[in-house]
Amino acid sequence: MDLKTNTIAGWVLGAAGAALGLSIVGGMIFHEERPEKMGYAIEGVEAEGAGGGAAEVPIASLLPTADAAKGAEVFKKCAACHTINQGGANGIGPNLYATLGEGIAQGKAGFAFSDALKAVGGKWDWDKMNAWLTSPRKFAPGTKMTFAGLSNPQDRANVILYLNQQGSNLPLPAAPAAKAEPAAGEAPANAADAAVNKVEADPRADTGSIANTGTPAKGAPSVDPQAAIEGAKAPR
């Protein structure tokens, strides 16, 4: 009876071991990779490859229409780690009162900044703060800040304007100059265009340096425009 019981127990243990081995091997073969696009969004977690699309809008062009009240709402995402009131305590991150215009990784007594952020240097200006909030880990590789960043440019403009109102009060940067468009009737940008327009306006006009660069039809003679005009003027 004991021998039969031991035999059955051995079979059970053997089967369990075989099942475990097959499970491990199957997991190695059929390991599921992270999907190319996540099925649902997690707030504060940046999707792989985010930020690599269209050219970024300059922050200076968004600040004139930014809304500090909306920025205060966006800042609620930061409040778990940061205080922003004057004299506020450092938390997981430093107190952010009067941060714009301040030296990067400086001026927050008692807070231990990462060497990665210290290495950036300079001051928190509008562009640097925008780059930091876009992706902290790209702005300062190795930073201790784990927040993925704000992908929406207008959200960043709103929260930066709000930060500026909390003890910094830097003047807004000048908006980028609009790209000039040629006005109606304006002279062409180069001499070749000017010559072409001159001929179109008056076929008898001097064609200047326009060369006969066209390809004539098969069997057709090559005619230089200037020579044709001179020939027309010649007495017959």
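How charged is the neighbourhood of G93? Take every other residue with its Cβ under 11 Å from the Cβ of G93, and add Lys/Arg as +1 and Asp/Glu as -1. Taking every other residue near G93 into account, the sum is +2. Projecting label points 7 angstrom from Cα along Cα→Cβ for D115 and I92 puts them 2.4 nm apart. Put simply, the Cα atoms of segment 65-166 extend 35, 29, 23 Å along their principal axes, the longest span coming first. Considering segment 89-139 at the alpha-carbon level, its Rg and Dmax are found to be 10.4, 27 Å.
Database remark: amide H of K123 closer than 5 angstrom to the amide H of I104 (H placed geometrically; neighbours at sequence offset of 5 or more, or on other chains; Pro and chain starts carry no H). Here segment 65-166 exposes an accessible surface that is 54 percent carbon and sulfur, computed with a 1.4 Å probe and the other protein chains kept in place. Kindly flag which residue pairs out of K77/K144; K70/K144; K70/K118; K70/K138 have an alpha-carbon separation exceeding 22 Å in this structure. Cα-Cα > 22 Å for K70/K144; K70/K118; K70/K138; rest within.
The values are calculated or read from the model by the stated rules, or taken from the named source; none is laboratory data. This is a predicted model, so every value here is computed, not measured. Note: ideal-geometry Cβ built from the backbone for every residue, glycine included; neighbour counts use all protein chains shown. The protein model used for the area step is the full one, side chains on, heavy atoms only, and it has no ligands, DNA or RNA in it. Shrake-Rupley method; radii C 1.70, N 1.55, O 1.52, S 1.80 Å.
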